[in-house]
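Peer 1: To start, I am sharing the structure in question, which I have written as structure tokens.
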Amino acid sequence: MSTAPPSSPAGVLTQQDIDREIAAARKAYQAEGVPRQHPARDYPPYRSSTLRHPTRALVSLRDPEAAELRGPVFGATDVTDLDADLTRQHHGEPLGERITVTGRVLDRAGRPVAGQLLEIWQANASGRYAHQRDQHRAPLDPNFTGSGRCLTAADGSYSFTTIKPGPYPWRNHDNAWRPAHIHFSLFGTAFTQRLVTQMYFPGDPLFRYDPILQSVTDSAARERLVAAYEHDLSRSEWSLGYRWDIVLDGPAATLTEEEH
Amino acid sequence: MAQQLPTPEHPLTPAQTIGPFFGYALPHPAGGDIAPVGHPDAVTVHGTVLDGAGQPVPDAVVETWQAAPDGSLDGAPGSLPRNGVDGGPRPRNGVDFTGFGRACTDAAGHWSVRTLPPPADRPYLAVCVFARGLTHHLFTRAYLTDPGPGDLLLDDLDAARRDTLIARRQPDGTHRFDIRLQGEKETVFLDFPEQ
Ligand SMILES: [Fe+2]
């Protein structure tokens with residue numbers, strides 16, 4: 001005899017409620033007809049956005065002298081050799097599926113973003129973060145913390161070795177699950193190009209249920225958050241390879257010849 | 001002219017929220033120590049990040065970028081230094097002014113950086129805010145001195161809105177800059193279109 005899952009008490013927000021809101025937001029976006037590739041900051045299906053988005057329009061600033069058209073630089077002291085291999089930060093090997101994530105960081109004109117800091121963090125293979133606030137009853141892995149960093153190479157390329165993170169539950173609504181993802185933080189040549197985002201894995205059945213991924217209402221833009229499995233990046237009897245290229249938004253100062 | 005921008009060949013990667021679990025990856029104990037050690041001109045800029053109900057936001061990241069006192073925007077490496085022993089954080093070198101700071105809010109929503117005053121022609125810290133619940137970061141500016149008329153950004157704002165961008169000098173000499181994500185005194189947030 002099978003045991004029925006516990007039914008939600010009345011008044012609890014269900015996945016069906018969230019599905020309806022996601023569909024409504026997408027329909028509103030399509031009806032509006034104005035392309036928007038970043039997520040709306042006011043995205044009701046993601047409940048935590050309710051009190052954390054501005055209600056006034058952003059003020060557009062066209063200032064060729066703005067400090068924001070330049071940005072911080074990073075160098076050898078900001079990273080160490082082991083930072084790009086999240087499987088070697090402890091005495092033993094972490095549990096899970098070993099993967100590499102490789103790609104290039106470009107600006108919108110397709111120029112490589114070279115020598116810039118890229119930081120990542122993620123859950124372990126069981127879907128648990130090494131963070132006190134994560135109360136998911138999945139095991140911690142003593143051999144995996146899940147944070148790494150690197151500087152992009154001259155051609156804008158980067159590469160991390162890690163393990164595939166697991167999906168995990170959260171409390172946006174009843175039975176809410178995040179698809180597996182890796183958090184990315186990137187700097188460009190200008191502060192305006194700053195980006196924090198998340199990379200997803202192809203074919204995850206949780207995509208349609210997740211209000212964070214779905215906060216990107218443009219479907220083509222949403223697909224750009226999903227890495228590609230690339231067999232040539234896999235290494236025989238060692239690791240599976242994914243490719244994810246990143247394009248930074250925002251203007252940058254035009255450097256003169258001498259400044260190159 | 002602005003209407004005729006070509007469709008960029010490379011479509012951008014959308015932002016996603018920083019989420020609640022960045023705490024073992026992004027914070028750096030020296031992230032806010034922008035001023036060289038013992039520098040006599042060092043100033044402290046700090047404040048609280050507040051949500052639309054006036055509640056502190058304990059899971060935000062506030063990053064600052066600014067010109068050096070001599071006007072340079074070249075920056076310098078070493079804002080988030082690491083040690084080569086176990087990859088953990090190490091103090092800044094104490095000498096270089098990198099122009100960049102990263103401060104994470106505490107349980108009371110408070111953040112602070114210790115820096116050098118920006119120059120008179122760019123008398124502000126550029127500020128970028130990330131938080132759980134914020135799907136896409138927000139830019140604003142903390143002016144440490146009121147530049148008066150002639151500032152491209154401030155000139156276009158009414159007095160109350162303009163006020164949200166001016167840090168308040170405190171009796172203890174620090175500069176207070178609260179960031180209100182939403183509500184009556186909502187901070188002015190910025191967008192930087194292609195020039
Ligand atoms: Fe996450």
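Peer 1: Using only atoms on other chains, find how many Cβ atoms lie within 10 Å of each Cβ of peptide B:114-123 and report the average.
Peer 2: On the way: counts 0, 0, 0, 0, 1, 1, 0, 2, 5, 0.
Neighbouring Cβ atoms belonging to other protein chains average 1 per residue here.
Peer 1: Given a 1.4 Å probe and every protein chain left where it sits, what share in percent of the accessible area of chain A is carbon and sulfur?
Peer 2: Details: 6630 of 12580 Å².
Carbon and sulfur: 53 percent of the exposed surface of chain A.
Peer 1: Once amide H atoms are placed 1.01 Å from N in the peptide plane, what residues at a sequence separation of 5 or more from B:L116, or on another chain, have their amide H within under 5 Å of its amide H?
Peer 2: Long-range HN contacts for B:L116: B:A35, B:V43.
Peer 1: Under a 10 Å cutoff between Cα atoms, tell me which one of A:A176, A:A109, A:A24 has the largest fluctuation in the Gaussian network model of chain A.
Peer 2: Most flexible of the set in this elastic network: A:A109.
Peer 1: If you don't mind, there's one more thing I want to ask. List the accessible area buried at the contact between A and B, summed over both sides and calculated with a 1.4 Å probe, in Å² to the nearest 100.
Peer 2: On the way: alone 16110 and 11670 Å², together 20560 Å².
What A and B bury together is about 7200 Å².
Peer 1: Could you work out which residue, out of B:L12, B:L181, B:L134, moves most in a Gaussian network model of chain B, that is, has the largest mean-square fluctuation with Cα springs under 10 Å?
Peer 2: The residue that fluctuates most here is B:L12.
Peer 1: Excluding B:F21 itself, what net charge comes from residues whose Cβ is under 14 Å from its Cβ, given Lys and Arg +1 and Asp and Glu -1?
Peer 2: Numbers: positive: A:R128, A:R133, A:R171, A:R178, B:R132; negative: A:E119, A:D134, B:D59.
Taking every other residue near B:F21 into account, the sum is +2.
Peer 1: Of A:T100, A:T197, A:T80, which is the most mobile in a GNM of chain A whose springs link Cα atoms less than 10 angstrom apart?
Peer 2: Judging by the Gaussian network model, the answer is A:T80.
Peer 1: Only bridges whose two residues both fall in the range B:43-180 count here: according to DSSP, what percent of them are antiparallel, nearest 5?
Peer 2: Working: 27 of 32 bridges.
Of the beta bridges lying entirely in the range B:43-180, close to 85 percent run antiparallel.
Peer 1: What average count of beta carbons from other chains do you get within 10 Å of the Cβ of residues in B:72-84? Display every interim value, and only then the final one.
Peer 2: Values: counts 1, 10, 3, 6, 4, 11, 7, 7, 8, 7, 8, 2, 6.
Average neighbour count from other chains, rounded to a whole number: 6.
Peer 1: Measuring from label point to label point, each 7 Å out along Cα→Cβ, what is the A:R137 to A:D42 span in nm?
Peer 2: 4.0
Peer 1: For B:H39 and A:D85, FRET efficiency with R0 = 51 Å and r from the beta-carbon atoms, rounded to 0.05? Intermediate results must be reported in sequence, preceding the final value.
Peer 2: Working: r = 37 Å, r/R0 = 0.73.
Once rounded, the FRET efficiency stands at 0.85.
Peer 1: Per-residue counts of other Cβ atoms within 10 Å, averaged by peptide: what ranking do you get for A:13-21, A:71-79, B:49-57, highest first?
Peer 2: Working: A:13-21: 15.4, A:71-79: 20.6, B:49-57: 17.8.
Per-residue Cβ counts within 10 Å, averaged per peptide and sorted highest first, yield A:71-79, B:49-57, A:13-21.
Peer 1: Which of rounded, prolate or oblate describes chain A when judged by the alpha-carbon gyration tensor and an a/c cut-off of 1.5? If you can, show how the numbers build up before the last one.
Peer 2: Numbers: a/c = 2.00, a/b = 1.16, b/c = 1.72.
Since a/c reaches 1.5 but b/c is at least a/b, the shape of chain A is classed as oblate.
Peer 1: Can you run phi through the Karplus equation (6.51, -1.76, 1.60; θ = phi - 60°) for the range B:109-122 and list ³J(HN,Hα) in whole Hz, with x for Gly and Pro?
Peer 2: x, 9, 9, 7, 10, 10, 9, 9, x, x, x, 4, 7, 9
Peer 1: Does the range A:143-241 classify as rounded, prolate or oblate by the C-alpha gyration tensor (a ≥ b ≥ c root eigenvalues; a/c under 1.5 gives rounded; else a/b over b/c gives prolate, otherwise oblate)? Show your work: numbers first, answer last.
Peer 2: On the way: a/c = 1.64, a/b = 1.21, b/c = 1.36.
It comes out oblate by the Cα gyration axes.
Peer 1: Suppose all protein chains stay in the model; what accessible area per residue would a 1.4 Å probe give for the range B:39-122, in Å²? Spell out each step's value before the answer.
Peer 2: Working: 3230 Å² over 84 residues.
Here the per-residue accessible area is 39 Å².
Peer 1: Show me B:17-28, B:153-164 ranked by packing, highest mean number of other Cβ atoms within 10 Å first. Each step should come with its number before you reach the end.
Peer 2: Values: B:17-28: 20.9, B:153-164: 14.1.
So the order, starting with the most tightly packed, is B:17-28, B:153-164.
Peer 1: Another one. Please give me the summed charge of the neighbours of A:R224: other residues whose Cβ is under 11 Å from its Cβ, Lys and Arg +1, Asp and Glu -1.
Peer 2: On the way: positive: A:R222; negative: A:D218, A:E223, A:D245.
Once positives and negatives cancel, what remains is -2.
Peer 1: Next up: Quote the relative contact order of chain B in percent (integer), defining contacts as alpha-carbon pairs under 8 Å separated by 6+ residues. Numbers along the way, then the final one.
Peer 2: Details: 388 pairs, mean separation 54.8, N = 195.
It rounds to 28 percent for chain B.
Peer 1: If contacts are Cα pairs under 8 angstrom and at least 6 residues apart, what is the relative contact order of chain A in percent? Can you show the working numbers first?
Peer 2: Numbers: 503 pairs, mean separation 63.6, N = 260.
Contact order relative to length: 24 percent.
Peer 1: Just tell me how shielded A:42-49 is by partners: mean number of partner chain Cβ atoms within 10 Å of each residue's Cβ, no decimals. Working shown, then result.
Peer 2: Working: counts 2, 4, 0, 0, 5, 1, 10, 7.
Mean partner shielding for this stretch: 4.
Peer 1: What is the range B:43-180 by shape, rounded, prolate or oblate, if you read a ≥ b ≥ c off the alpha carbon gyration tensor as root eigenvalues and call it rounded for a/c under 1.5, prolate for a/b larger than b/c, and oblate otherwise? Kindly include the intermediate steps, with their values, before the conclusion.
Peer 2: On the way: a/c = 1.91, a/b = 1.20, b/c = 1.59.
The shape class here is oblate.
The values are calculated or read from the model by the stated rules, or taken from the named source; none is laboratory data. This is a predicted model, so every value here is computed, not measured. Don't worry about glycine lacking a Cβ; one is built from the backbone with ideal geometry, like all the others, and counts go over all protein chains shown. Side chains are part of the model used for accessible areas, which takes the heavy atoms of the whole protein and leaves out ligands, DNA and RNA. Shrake-Rupley method; radii C 1.70, N 1.55, O 1.52, S 1.80 Å.
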